[in-house]
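Throughout, read-outs are computed from the coordinates displayed, never taken from laboratory work. Just so it is clear, the model here is predicted, and its values are computed rather than measured. Cβ placement follows ideal geometry from the backbone for every residue including glycine, while neighbour counts extend to all protein chains displayed.
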Amino acid sequence: MPLTKRKQIQALRGAALGATILLRGRARAAAWTLHEILRLGPTLLRNSDLNGPVAKHFRTAQPEVWLTIDDGPDPEQTPRVLNLLESHQARASFFVVGKNVDWNRPLCRRIVEAGHTLENHTYSHPSALFWAMPCCAIRGEIARCSHAIRVAAGVSPSWFRSPAGLTNSCVHPAAARAWLRVAGWSADGLDGLPGRDPELAAARILSGVKPGAILLMHEGPGRSSARVLELVLSGLSSRGFRCVIPDGKDVE
């Protein structure tokens, strides 16, 4: 059976580390450099599963997608997003930031009461540093966010998504310790970028739509969250697709 890319990289890292013990001089330095490239390379790739399993789709034969919305809740954007979801009879998972949860607990309860789920997106969303944070700090970010969700809405998350989708070797063990699986995506409109054109963002998301796709969107200050969502939901409806929250066992 052929090795997966993750196992291939792990094997190469092991060989490179072993070479640093056996070799001397420049050869040893080259082996150590290769080891560090193989260690850090996957960490710098968005949505990468080279450090561990990352869910990017779910099994279904129906025209269904899983809509996921990062970075909320936001007191301005989230109510508009919820109204759009209701008007289209769509369900979504909100990957929330813990400190935003603490500031908007009633909004979190409204999300759950509307039939959506709250998932873990760290407590403080340290997107610039998360990929390089030590294991203890990553565990703390995950634990504090889950705690904030439980206090605000009385539910526990099932999924974790890293800020910017960057995972280092600490993320999967930390998520597993918190009983969370790591979620990625299969369609991303880059709508979280400043000044992103809503039409372009929606078109990019819709280009990745197929049965079982996981759609990534964002909300928050300075973003055209509601407009992008409106375009995406209209596009999905015209194609006969529904937004559902899949059974966890079907997500891969």
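Tabulated data
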| item | result |
| --- | --- |
| Residues of segment 107-129 classified as over 24 Å from Glu141 (Cβ atoms) and surrounded by fewer than 16 Cβ atoms within 10 Å (Cβ to Cβ), total | 3 |
| Counted residues, segment 57-74 - those being in a loop (DSSP other than H, G, I, E, B) and either charged (D, E, K, R) or surrounded by fewer than 24 Cβ atoms within 10 Å (Cβ to Cβ) (or both) | 7 |
| Single residue of segment 173-223 satisfying the filter (closer than 13 Å to Asp71 by Cβ and in contact (Cβ under 8 Å) with a residue 60 or more places away in the chain) that is surrounded by the fewest Cβ atoms within 10 Å (Cβ to Cβ) | Pro221 |
| Residue check for Ala143: in contact with a Leu (Cβ under 7 Å, 6 or more places away or on another chain) and within 26 Å of Thr78 (Cβ to Cβ) | no |
| Enumeration of residues in segment 123-172 that are within 20 Å of Thr68 (Cα to Cα) and among the aliphatic types (A, V, I, L, M) | Ile142, Ala148, Ile149, Ala152, Ala153, Val155, Ala164, Leu166, Val171 |
| Close pairs from segment 84-99: first under 21 Å from Asp247 (Cα atoms), partner among the small types (Gly, Ala, Ser) and surrounded by fewer than 16 Cβ atoms within 10 Å (Cβ to Cβ), Cβ under 6 Å, at least 6 apart | Arg91/Gly115 |
| Segment 168-191 - residue that is part of a loop (DSSP other than H, G, I, E, B) and over 22 Å from Gly212 (Cβ atoms) and, of those, nearest to the chain's Cα centre (by Cα) | Asn168 |
